[in-house]
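Have a look at the structure below, then the notes.
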Amino acid sequence: WPERARAERVPPPPPSPAPSAEGHPRAPRGLHFSAAAMSISMQPTRSRSHGPPGSSHGGGGGYTRRGSNASGGAHAMLPVSTNFQVDLSPGPRHRQLPTPPPLPQFSWLGGSAPFHSSLGRVPPPRDDVFLGGQGMGGLPDVRLDGQSPGPGGRFTFHHDLGGNYNDNMDMYEEVFRTIDADRNGSISKLELFEAAQRHQRVSSLILPGLDCRSLMTDEKSFDAADALFDSIAGGKQRIKIREFVAHFRRAKAPPSGDTDEIRSVYRLIDADGNGSISKLELVAAVMRNPRVSELLLPGVDTRNVLSDEEAFDAVNSIFEAISGGKQRIYLEDFEEHFKRTASLPVTPRPPSGADRARTRLFIIGPGFGQQLNPRQSAMVCSAGYQIQWFFNCPNPEQPNFPVQSYLGVMRQELEAFRPDVVAAASKGGVYLVGLWESGIWRGPSLLLNAHPSCRELPQGVPIVIAQGSNDEVYPTRRADLERLVSASVADNRCLLYYTANSGRLPGGQFTRVGDMHNMESLLLNDCLPRLIDATRCAEGPETHLIRTWSERLGADRRDAEAWLGLTPEAFRARAYRRFPLSDDRKLFEVAHHSEEYRRVATVFYSKPKEPPAYTLTPQASWDRCRISKIERVENWLQFDGSARPYFDNLRRSLEDQNLALEPGAHTFWAFHGADENAIDSIVSNPVAGFQPLVSGTRNSTLWGSGTYFARDAKYVADGGFCGNPTMDGSRKMLLCLMLTGMPCLGDPEHKGVLPFRHKPHRYHSSVDSLSSPEIFITQHPGAAIPAYVITFIS
């Protein structure tokens, strides 16, 4: 409170009303708020211990904007000028439980006008909107600036707040639940229509300005509702709450600085100021104004467009892409073009950033290997966690060990230490299972080696289970482990970290070998600490592990991949500068001095942070490799007919599983080797470059059928996948943008159809390792976009 407010004397409230027939005080009248400039849902604050909805923590009536707090701190800032209407008409009465004695306080927090009531005058602070009555028995006499309410108990006042509008979407979640009549978590088109027609609040929020009371007979409102549903659903039959809220978040987002920049550049191009751009205006603008050229055609020298055929083709291409075949470009077309190319972030998510120094790790000592596997214990200790070892229990060697006898002591230690994660391994797993079953611990958990007593996982608990295919102590089939975790995968709370043997090479060797009971792979690539971190990831442990794959790369490669683009649209906006040419060319040489060339070369030469699993030749020999030419692939038919539809389906599949597509995690860059004839076919095919189910590969028995890609160019060259060298000693490989989604560990038995992750959704691709994959296998033609042909001499 401001000091002047504290100085005011606030008299006690009037007596509470007489009890109702049920013997309980009547609830206060409803105070309903709505906004003309923006819809704000004013909801009653809920007491944790007393009273029905509508009662404050002190037992009286309190109404506050969702997303705000009663102390005046606003989570969502309103526009600078917002006109509110305050409805003081009686609201619904609720059966109210007895409340504790009221506090003599009535307050109005927020607003530029003082609040006057029969309980006193309180000058408000500026930050938030809150109307609360402690022990308020009836509606007080309310006036603003000396004005009484108008007809129906309504009046308007001006609320002035500084700051930007940072949208709180709680109101749309509530509207979604209103529309979701059958409460199944998704809405159909019919449910949307019925709710818009029946509830004015729904229609005013989702279809403002339309009268939807006659939606089923009024063509205009029907078409608007139909178009709204289709735009949110994206071709699906039902809409989930995540999609619904995300749609309105995009629609309500305030203009950004980028939007201002786009509009400013548009005005620079529109030389005659008539509100539209001709192709001639665009050509003239990119020639004379570097700011226009950099935004539309970065990396292209446009100073001599009329004499440089390639530069003119680039300008022609961007004009056609923005105008959509029209003769002129309008501002809406211009903004929509950049909205499409920026619909997903072009840079990956920042590193996982797990705060290990603040993570409290409780380790059940028996079985974890402090003596028998000291490297495992040493890795955890060196990771920087706050660790509590628990050894006050025996090693449970014999079957039917009485675990319950020791859980009480363990509970005392857990309550004293208050861990973030509990970890167990081998025989100690029986204690962790006992903690789950007894309900003593239901928090993030790591179990190394699935103990035979673990037959079911607790629901809603973040759990990582690690197991090797060659475990000689607890041999467990992969299919059985997948069934164990399948129920928890549905809510993204569980991860099975599994290592397995590859298929055999012609000589009988494995390229990778699955772990034994002492899991060697946990000691490589920071794997064990990453699994501990994964248990605490809000989006689920599987998502966290996939995110950390990019951290196995060097920073220069991550920067180069982000620059090239990590989504199809971002890559095309960066690289595709030409409208399809009449000579049907698909390959365009990249200038040696250009930034694009430098970034592709960086990805080609980069080496991972840790030693790779496959080392066929010394690194020194690869360092002598020389790139002789880089060509960019521009196959518009293949891009629009295969890659873009697949990417859209991939995004919807992830959203259906309550996951958001993350560039750099679900997409990245990788290499593919083939002879020159095969590369020509991949580049020129108008339908799909890669044919995973019919092309075949010499190593298809290693991790299952499909098209194989490698993280490192060195492996592709050293493995002999690029065919025989030409007379000058050169060979070729492809650099591709991969759309891998959620991968699983590959298996020689995978024959083109991957296992279910969450029915009806299968995994989208497969890999050779879940810790640090170096091989990726796709089963769909659109899952890889051939982007560059690199000719090299080694």
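The values are calculated or read from the model by the stated rules, or taken from the named source; none is laboratory data. Everything quoted here is computed from the prediction, not taken from an experiment. Ideal geometry is used to build each Cβ from the backbone, glycine not excepted, and the neighbour counts take in all protein chains shown. All accessible areas refer to the heavy atoms of the entire protein, side chains included, with ligands and DNA or RNA removed. Shrake-Rupley method; radii C 1.70, N 1.55, O 1.52, S 1.80 Å.
Okay, here's what the table says:
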read-out: Residue match in segment 462-481 (condition: farther than 20 Å from SER426 by Cα and either assigned to a strand (DSSP E or B) or charged (D, E, K, R) (or both)); value: no
read-out: PRO786 vs. criteria over 23 Å from the mean Cα position of the chain (by Cα), touching a residue at least 60 places away in the same chain (Cβ under 8 Å) and either closer than 19 Å to TRP549 by Cβ or not in a strand (DSSP E or B) (or both); value: no
read-out: Residue pairs meeting the criteria (Cβ under 9 Å; at least 6 apart or on separate chains; first farther than 18 Å from LEU228 by Cβ, in segment 177-189; second among the charged types (D, E, K, R) and open to solvent by less than 60 Å² (accessible area, probe 1.4 Å)); value: ASP182/GLU191
read-out: Number of positions in segment 767-783 that are of a type outside the set (Val, Ile, Thr), crowded, with 23+ Cβ neighbours inside 10 Å and in contact with a His (Cβ under 9 Å, 6 or more places away or on another chain); value: 1
read-out: Residues within segment 536-557 that are under 24 Å from ILE387 (Cβ atoms) and over 17 Å from the mean Cα position of the chain (by Cα), tallied; value: 1
read-out: Selection from segment 400-455 of residues that are surrounded by 15 or more Cβ atoms within 10 Å (Cβ to Cβ), in contact (Cβ under 8 Å) with a residue 40 or more places away in the chain and in a loop (DSSP other than H, G, I, E, B); value: PRO419, ASP420, PRO444, ASN449
read-out: Test: GLY741 is assigned to a loop (DSSP other than H, G, I, E, B), open to solvent by less than 10 Å² (accessible area, probe 1.4 Å) and not aliphatic (A, V, I, L, M); value: yes
read-out: Any helices (runs of 4 or more DSSP H) falling wholly within segment 546-653 and containing at least 3 residues that are among the aliphatic types (A, V, I, L, M); value: 555-564, 568-575, 595-605
read-out: Scan of segment 205-233 for residues that are of a type in the set (Gly, Ala, Ser), over 18 Å from ALA246 (Cα atoms) and surrounded by 16 or more Cβ atoms within 10 Å (Cβ to Cβ), ordered by number; value: SER221, ALA224
read-out: Residue among GLU774, GLU749 that alone is more than 28 Å from LYS607 (Cα to Cα) and acidic (Asp, Glu); value: GLU749
read-out: Condition broken by TRP389, with the remaining ones in (1) open to solvent by 40 Å² or more (accessible area, probe 1.4 Å); (2) assigned to a helix (DSSP H, G or I) satisfied; value: (2)
read-out: Single residue of segment 168-197 satisfying the filter (of a type in the set (S, T, N, Q) and assigned to a loop (DSSP other than H, G, I, E, B)) that is least open to solvent (accessible area, probe 1.4 Å); value: SER188
read-out: Entirely in segment 273-344, the helices (runs of 4 or more DSSP H) that have 3 or more residues that are modelled with pLDDT under 85 and under 36 Å from the mean Cα position of the chain (by Cα); value: 290-296, 309-323, 331-341
read-out: Filter result (among the charged types (D, E, K, R), out of contact with any helix residue (DSSP H, G or I) (no Cβ under 6 Å at 6 or more places or on another chain), open to solvent by 60 Å² or more (accessible area, probe 1.4 Å) and closer than 29 Å to ARG585 by Cβ) within segment 620-654; value: ARG626, LYS629, ASP640
read-out: Residue that is farthest from ALA181 (Cα to Cα), among those in segment 203-246 that are of a type in the set (Asp, Glu) and assigned to a helix (DSSP H, G or I); value: GLU219
read-out: Segment 399-416: number of residues that are under 37 Å from the mean Cα position of the chain (by Cα) and more than 10 Å from LEU435 (Cα to Cα); value: 4
read-out: Filtered residues of segment 605-646 (kept if of a type in the set (S, T, N, Q) and out of contact with any strand residue (DSSP E or B) (no Cβ under 7 Å at 6 or more places or on another chain)); value: SER606, THR615, THR617, GLN619, SER621, ASN635, GLN638, SER642
read-out: Of all residues in segment 471-505 being surrounded by fewer than 14 Cβ atoms within 10 Å (Cβ to Cβ), of a type outside the set (A, V, I, L, M) and more than 29 Å from the chain's Cα centre (by Cα), the one that is farthest from TRP436 (Cα to Cα); value: ARG504
read-out: Count - residues of segment 529-542 that are open to solvent by 10 Å² or more (accessible area, probe 1.4 Å) and either modelled with pLDDT of 95 or more or part of a helix (DSSP H, G or I) (or both); value: 2
read-out: Condition met for ALA678 (among the small types (Gly, Ala, Ser), open to solvent by 10 Å² or more (accessible area, probe 1.4 Å) and at negative phi); value: yes
read-out: Selected residue (criterion: surrounded by the fewest Cβ atoms within 10 Å (Cβ to Cβ)) from residues of segment 681-695 that are in contact with a strand residue (DSSP E or B) (Cβ under 6 Å, 6 or more places away or on another chain) and closer than 15 Å to PHE709 by Cα; value: PRO692
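Conditions (1) touching a residue at least 40 places away in the same chain (Cβ under 8 Å); (2) of a type in the set (Ser, Thr, Tyr); (3) touching a Cys at 6+ places or on another chain (Cβ under 6 Å); (4) open to solvent by 50 Å² or more (accessible area, probe 1.4 Å), marked per residue:
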site: SER730; (1), (2), (3), (4): yes, yes, no, no
site: LEU734; (1), (2), (3), (4): yes, no, no, no
site: HIS750; (1), (2), (3), (4): yes, no, no, no
site: VAL753; (1), (2), (3), (4): no, no, no, yes
site: LYS759; (1), (2), (3), (4): no, no, no, yes
site: ARG762; (1), (2), (3), (4): no, no, no, yes
